[in-house]
1. Would you calculate a helix-derived [θ] at 222 nm for the chain, using -39,500 (n - 2.57) for each DSSP H run of n ≥ 4 and dividing by the full residue count, to the nearest 500?
2. What does the charge count near SER54 come to, summing +1 for each Lys or Arg and -1 for each Asp or Glu among other residues with Cβ under 14 Å from its Cβ?
3. Working out 0.36 nm times the residue gap between MET42 and ALA104, then minus their Cα-Cα distance, what length gain in nm do you get to one decimal?
4. Can you tally the lysine pairs in the chain where the Cα-Cα distance is under 18 Å and the two residues are eight or more apart, or on different chains?
5. Give the distance, in whole Å, between the Cα centre of region 18-44 and the Cα centre of region 83-101.
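Bear in mind these aren't lab numbers, they're just calculated from the coordinates by the rules spelled out. Note that the structure is a prediction, hence the values are computed from the model and not measured. Heads up, the Cβs are rebuilt from the backbone with ideal geometry, glycines too, and the neighbour counts pull from every protein chain shown.
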Amino acid sequence: MTLKADAQRLCSALETIVKGLETYDKDDRRDYTKALAASLRMRVRNFREAIDESRSREQAKEVLEEMTELMYEVNGAATKGEIDFVSGKVLATYWQLRTIFREARFRDEPL
């Protein structure tokens, strides 16, 4: 895989996570999931812009770092079974790819 392809896969996973949080409607955690989605939505949009329009590795890396704490919260709620909003594969994709801008194999590869 190329850096660009992995970045796009990561972005698609993040978009699926946001959509899953936005549409969660199974119990009284709706407000919580909608708040998480709202916190992530703009960052994911900024990430998409960084990889598709600006093609800025540094900008994409910064946006991912801004999402870290939120994604720990999302993952924690999902893995504890508090919210069931996306398949485990989507979350696994995020955790697998979240470090792509720090990996040596992509060091000199442009977006």
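1. -22500 deg cm²/dmol
2. +1
3. My answer for the length gained is 19.5 nm.
4. Lysine pairs, 8 or more places apart or on different chains, close enough: 6.
5. 16 Å
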